[in-house]
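Undergrad: Mind looking over this structure? Questions follow.
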Amino acid sequence: MDVSIVLPACNEAKRIRSTVSKIKQMMKGRKFEIIISEDGSTDGTDKIAAELARKDKKIVHLHSDIRLGKGKALKRGFRVARGRTVCFFDVDLATDLSYLPELIDRTKKYDVVIGSRYLKGSITSRVFKRNILSQVYNWLVRLLFSSKIRDHQCGFKAFRRKVMLDLLKKSKVDKWFIDTELLVLAQRKGYSIREMPIKWEENLEKTKVRLLRDTLGFFSDLIKFRLRLWFE
């Protein structure tokens, strides 16, 4: 198995079929699996994911009756992944999927490869207020953790499987903050990380991120994580 693609999915009945179909088209010629880590859906996503898995051996469906959170859902997928490279992104495909082959291929040289909205060459479309908050958040991560990364929260990432399994030993995050946690841990362990420019478009009708609630949550998680690392 070359690649495992983990999709965290909660209430994605309207787009899970389309997303899986697009991934399969993009991955033609490769040995891959798609792991749908379905997280307490109430809109029938579980039934669709189960059907997709029954019809295609490349698809794995992990179901939870209760909402686990993005982080825990992803970690369930990571632990059953069989590919040498493990990548993940959101079902809404905010990042243009044409960048997926490059994301995967770069793991031949680097331990971790991530899409970045803030590199020269990236093309992004985002509401101004959200863009400013994201920039401030990433600046704080760099300040608090001496991180060299420009974009910690873009949901388009690939890891060598053995690296991911190592990072999971230290991971304690169950929700959205897992992206930042994994990258900070990877830097502390000395793994090689490469950012790459992407095309990214925010769709406010599809996003599950709520500006005020999740911004406060992210900043709270930053402080808790900083304190946690000080005492480890």
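Undergrad: If I filter segment 54-64 down to residues being closer than 24 Å to Met164 by Cα and charged (D, E, K, R), which single residue comes out as surrounded by the most Cβ atoms within 10 Å (Cβ to Cβ)?
TA: Of everything passing the filter in segment 54-64, Lys58 is surrounded by the most Cβ atoms within 10 Å (Cβ to Cβ).
Undergrad: Looking at Glu33, Glu51, Glu38, which one is among the acidic types (Asp, Glu) and surrounded by fewer than 20 Cβ atoms within 10 Å (Cβ to Cβ)?
TA: One residue alone meets the criteria, Glu51.
Undergrad: Restricting to segment 1-52, name every residue that is in a helix (DSSP H, G or I), within 21 Å of Asp96 (Cβ to Cβ) and not charged (D, E, K, R).
TA: Result: Ile16, Ser18, Thr19, Val20, Ser21, Ile23, Gln25, Met26.
Undergrad: Could I ask something else about it? Only residues that are over 12 Å from Arg117 (Cα atoms), of a type in the set (A, V, I, L, M, F, W, C) and over 14 Å from the mean Cα position of the chain (by Cα): list them for segment 130-167, please.
TA: Listed by number, the residues that qualify are Ile132, Leu133, Val136, Trp139, Leu140, Val141, Leu143, Leu144, Phe145, Val163, Leu165, Leu167.
Undergrad: Right, something else. Wholly within segment 65-156, which helices (runs of 4 or more DSSP H) include no fewer than the required count, namely at least 2 residues that are touching a Cys at 6+ places or on another chain (Cβ under 7 Å) and buried (at least 21 other Cβ atoms within 10 Å of the Cβ)?
TA: Because the criterion is at least 2 residues that are touching a Cys at 6+ places or on another chain (Cβ under 7 Å) and buried (at least 21 other Cβ atoms within 10 Å of the Cβ), the helices (runs of 4 or more DSSP H) in segment 65-156 that meet it are 100-105.
Undergrad: Taking the options Arg160, Arg142, Arg150, name whichever one is farther than 22 Å from Leu216 by Cα and at pLDDT 95 or above.
TA: Arg160
Undergrad: Still on this structure: Being within 21 Å of Arg17 (Cβ to Cβ), of a type in the set (A, V, I, L, M, F, W, C) and out of contact with any helix residue (DSSP H, G or I) (no Cβ under 8 Å at 6 or more places or on another chain) is the filter here; which residues of segment 90-112 pass it?
TA: Across segment 90-112, the qualifying residue is only Ala94.
Undergrad: Next question, about the same structure. Taking only pairs six or more apart or across chains, which ones have beta-carbon atoms under 6 Å, a first residue in segment 35-56 that is touching a residue at least 40 places away in the same chain (Cβ under 8 Å), and a second residue that is among the acidic types (Asp, Glu)?
TA: Note: pairs meeting the criteria are Ala49/Glu38.
Undergrad: If I filter segment 27-43 for residues that are in contact with a Lys or Arg (Cβ under 7 Å, 6 or more places away or on another chain) and polar (S, T, N, Q), do I get at least one hit?
TA: yes
Undergrad: Being over 19 Å from the mean Cα position of the chain (by Cα) and modelled with pLDDT of 95 or more is the filter here, so list the residues in segment 46-71 that pass it. Before the answer, list the steps.
TA: Taking segment 46-71 and keeping what is over 19 Å from the mean Cα position of the chain (by Cα), we get 46-48, 50-58, 65-66.
Answer for segment 46-71, where residues must be over 19 Å from the mean Cα position of the chain (by Cα) and modelled with pLDDT of 95 or more: Asp46, Lys47, Ile48, Ala50, Glu51, Leu52, Ala53, Arg54, Lys55, Asp56, Lys57, Lys58.
The values are calculated or read from the model by the stated rules, or taken from the named source; none is laboratory data. Keep in mind that what you see is a predicted model, and the values were worked out from it rather than measured. Cβ: placed from backbone, ideal geometry, glycine included. Neighbour counts: every protein chain shown.
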